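Q: After the structure tokens below, expect a handful of questions from me.
Since every read-out is calculated from the coordinates, none of them should be taken as a lab result. All figures in this text were calculated on a predicted structure; none of them were measured in a lab. Note that we place each Cβ from the backbone using ideal geometry, even for glycine, and neighbour counts take in every protein chain shown.
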Amino acid sequence: MRIDRIVFDFDGTLADTFEQSISLIKEYRPDFDEKDVEIYRELGARGAKKELKISLKEIFRIMRLVKKKHKDIIEKAEVFEGIKEIIEKLRKNEIEVGILSSNSKENIKRWLTKKAVNVDWVRSESTIFGKDKAIVKIKSENMIYVGDEVRDVEACHKIGVKIVSVTWGYNSKKALKKAGADYVVESSFELRKLLFSLTQ
């Protein structure tokens, strides 16, 4: 099956927002140290919540804080190395490239313009009821999703969408492999090679 639509997650996949998001968490929880960061990357949000004894109430407060300041986070975020070139080449080869995110479409489009990254579309969807509910709305037969979190893998599995997991974002290689990602890549070179093989 030839892939003709590639949908990218935004935070941690295209835009390097991890460290800034962690800084915000540390503002709320000053005791959140490097060991806790590693626990988060290894276990994912759900596992870290249990391991670090973070209450649901705290999670919602942190989510509100991050959402409130996300415009500033995006403004400072860089494009991960090699990603812009991959997208340019895919679109040149007439592969549809989109972005699905829970973040504001306006903020993402502003960032894309600033970084001179061109995609075919940007869609903003709430993931409060599960990321699978957002992904299924843009699902197509010859589509693949590119994300960086365990919850991306879980969501794609639920609705039968293949996923490429990147290790430079919010969750570790170990966590992504354990979750059962269809493909795991550790560099933009590996991602480029894989995506081009799937779109031939």
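Q: Specify the residue with the greatest mean-square fluctuation among Thr167, Thr13, Thr113, computed from a Gaussian network of the chain linking alpha-carbon atoms under 10 Å apart.
A: Thr113
Q: Something else about it: Quick one: helix 188-198 against the long Cα principal axis of the chain, what's the angle to the nearest 10°, folded into 0 to 90?
A: That helix lies at roughly 50 degrees to the long axis.
Q: Moving to a separate point now. Using the alpha-carbon centroid of each, what span in Å lies between segment 23-80 and segment 146-162?
A: Here the two parts' Cα centres lie 20 Å apart.
Q: Fewest first, what order do Ser165, Ser172, Ser101, Ser126 take by the number of other Cβ atoms within 10 Å?
A: Details: Ser165 28, Ser172 18, Ser101 21, Ser126 10.
Least to most surrounded, the residues fall as Ser126, Ser172, Ser101, Ser165.
Q: Please give the per residue volume of the convex hull enclosing the alpha carbon atoms of segment 10-49, rounded to a whole number of Å³. Present the calculation step by step, with values, prior to reporting the outcome.
A: On the way: hull volume 2.9 nm³, N = 40.
Value for segment 10-49: 73 Å³ per residue.
Q: Over all alpha-carbon pairs of segment 18-75, lay out the pair-distance distribution in 10 Å bins, whole %, shortest bin first.
A: 22, 59, 19, 0
Q: On a 0 to 90 degree scale, rounded to 10, what angle separates helix 56-68 from the longest Cα axis of the chain?
A: 60
Q: Another question, if that's okay. For segment 1-31, list residues with backbone N below 17 Å from a point placed 7 Å from the Cα of Ser197 toward its Cβ?
A: Residues 1-4 qualify, since their backbone N sits under 17 Å from the label point.
Q: Treat the count of other C-beta atoms within 10 Å as a stand-in for reagent exposure and order His70, His157 from fewest to most.
A: Working: His70 21, His157 16.
So the residues, fewest neighbours to most, are His157, His70.
Q: Let me ask another. So, in nm, how far is label Tyr28 from label Leu52 when the simple model puts each one 7 Å beyond its Cα toward the Cβ?
A: Once both label points are built, they end up 1.0 nm from each other.
Q: Among DSSP bridges having both ends in the chain, what percentage is antiparallel? Round to the nearest 5. Let's see the in-between values first.
A: Values: 1 of 21 bridges.
Bridges in the chain that DSSP calls antiparallel: roughly 5 percent.
Q: What percent does the relative contact order of the chain come to when contacts are Cα pairs within less than 8 Å and at least six residues apart?
A: Values: 293 pairs, mean separation 58.7, N = 200.
Relative contact order comes out at 29 percent.
Q: If each residue's Cβ is checked for other Cβ atoms within 10 Å, how do Ile6, Ile62 rank with the fewest at the top?
A: Values: Ile6 24, Ile62 18.
With the fewest neighbours first, Ile6, Ile62 line up as Ile62, Ile6.
Q: Compute the angle between helix 105-115 and the longest alpha-carbon principal axis of the chain, please, reported from 0 to 90 degrees and rounded to the nearest 10.
A: 70
Q: So what is the diffusion coefficient of the chain in µm² per second by Stokes-Einstein at 37 °C and 0.692 mPa s, using a Kirkwood Rh over Cα pairs?
A: Working: Rh = 17.2 Å.
Rounded, D is 191 µm²/s.
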